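Quick notes on the structure that follows.
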Amino acid sequence: MDTPKVIDGKAVAAQVLEECLSEAEALKAKGVTPGLAVVLVGEDPASQVYVGSKVKKCGELGFHSEKITLPAETSQEELLAVVQKLNADPMIHGILVQSPPPPHIDEEAVVRAIDPRKDVDGFHPENVAKLALEDPTGFVPCTPAGCIKLLEASGTQTNGAEAVVIGRSMIVGKPMALLLVSKKSNATVTIAHSRSKDLAAISRRADIVVAAVGRPEMVKADWIKPGAVVIDVGINRIEDASRKSGYRLVGDVDYNEVAPRCSAITPVPGGVGPMTIAMLMKNTLQAARQLSC
Ligand code: NAD
């Protein structure tokens, strides 16, 4: 294997967004404008960029959006009051509080305060349960939902495949594993994590490897069975003096080493990243549809 298929996340995301645009138009024709509220507490520069692009994407699709920027010293009670107000706002169908909040905020309590019918991140316990129950009215976290779209778009056969998900976070690893093991995907799934023994051997069993760890270029060529499909969720900044910014982005997979060994792989950037925002728009439409009927 030396010419892997590079799974183009930008192209797949563009298709998803095109579908979103026509669905938004259909909803608007029925008098419903999808609305998303994004709450940012503090001035974390990466969070500001993420929030900015979410709001911009809403504008491109003709959604109503509200960006609520709160100072870093906002109290838990003040933040919860903002969430309650958004829960009651009929113009708003989706609410997300950008992660990570400042350390004095109890993120779990904030997630639980969001009306689960507006929880377009899919982090509320009710939506976690719906994912496990395979209830389609729940919201699936955007990044793993995007990974599944990429597998579909690349023609990857998940039915009966051995899948290894590296990482067990509630944002990526666990929901990814649930999606892969669901009756839609039918994969046989292993979740590996920081305490797993011999990760390389576990990973080598897989027809599909999903890396969601946050360790630059951790997954090496000898972790990959020849012909496997590799989905790299990681976004890591590493120093690069040749760049004007002084850094570049790499995934959790050593792309140059791994790519020649696999049948398909997502690049970083341009793989999973663009899918996350596209799936957020899709979830907002789902919320608008479900709340308005
Ligand atoms: P996290 O820190 O919450 O979880 C990381 C997981 O990796 C943990 O479950 C941990 O057990 C596991 N882990 C840590 N070190 C390990 C090791 N040495 N070996 C095996 N497992 C190990 O991170 P997260 O939120 O799941 O994000 C993971 C990566 O994905 C990060 O790089 C993040 O930036 C990226 N990410 C990308 C997107 C996107 O849109 N593309 C979205 C979310 C997260």
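By how many nm would the segment from K183 to V49 lengthen if fully extended, with 0.36 nm per residue of separation less the alpha-carbon distance?
44.6 nm
Name the residue farthest towards the positive end of the dipole of the stretch 150-219 from the options M170, V209, L150, assuming +1 on Cβ of Lys and Arg, -1 on Cβ of Asp and Glu, about the Cα centre.
M170
Could you tell me which of the pairs K118/K149; K57/K118; K5/K225; K197/K225; K10/K174 are separated by over 20 angstrom between their Cα atoms in the structure shown?
Where the Cα-Cα span goes over 20 Å, the pairs concerned are K118/K149; K10/K174.
Given all pairs of different Cα atoms, what value in angstroms does the Kirkwood hydrodynamic radius of the chain take?
This gives a value of 19.7 Å.
Quick check on the chain: helices-only [θ] at 222 nm, where DSSP H runs of length 4 and up contribute -39,500 (n - 2.57) each and the sum goes over total residues. Nearest 500, please.
Taking each H run of at least 4 residues, the total per residue is -12500 deg cm²/dmol.
Running Debye on the stretch 235-293 with equal point scatterers at the Cα sites and no solvent, what base-10 log of I(q)/I(0) appears at q = 0.22, 0.25 Å⁻¹?
For the stretch 235-293 at q = 0.22, 0.25 Å⁻¹, log10 I(q)/I(0) is -0.91, -1.01.
Relative contact order (percent) for the stretch 1-141, with alpha-carbon contacts under 8 angstrom and 6 or more residues of separation?
Contact order relative to length: 21 percent.
Work out which helices of the chain, taken as complete DSSP H runs, extend at least 24 Å along their axis over the Cα atoms and score a mean Kyte-Doolittle of -0.5 or more, then list them.
Sorted by number, the helices that extend far enough and score high enough are 9-29, 45-61, 273-292.
Can you give the FRET efficiency for A132 and T3, using 1/(1 + (r/R0)^6), R0 = 30 Å, r = Cβ-Cβ distance, to the nearest 0.05?
After rounding, the FRET efficiency stands at 0.20.
Mind checking the full-extension length gain between L21 and H64? Use 0.36 nm per residue of separation minus the Cα-Cα distance, one decimal, nm.
Contour length minus the Cα-Cα distance gives 14.2 nm.
Over the chain, calculate the relative contact order: mean separation of alpha carbon pairs under 8 Å at least 6 apart, over the residue count, as a percent.
Relative contact order comes out at 23 percent.
Please compute the length gained on full extension between Q76 and E108, using 0.36 nm multiplied by the number of residues separating them and subtracting their Cα-Cα distance.
10.4 nm is the gain from fully extending Q76 to E108.
Note down the relative contact order for the stretch 201-246 as a percent, whole number, built from C-alpha pairs under 8 angstrom at least six residues apart.
42 percent
With +1 on each Lys and Arg Cβ and -1 on each Asp and Glu Cβ, how big is the dipole of the chain about its Cα centre, in debye rounded to the nearest 20?
540 debye
If you project the alpha carbons of the stretch 156-208 onto their three principal axes, what span does each projection cover, largest first, in Å?
29, 24, 13
None of the figures in this text is laboratory data; all of them are computed from the coordinates on show. Quick caveat, the model's predicted, so the values are computed rather than measured. Neighbour counts are summed over all protein chains in view; Cβ atoms, including those assigned to glycine, are modelled from backbone coordinates with ideal geometry.
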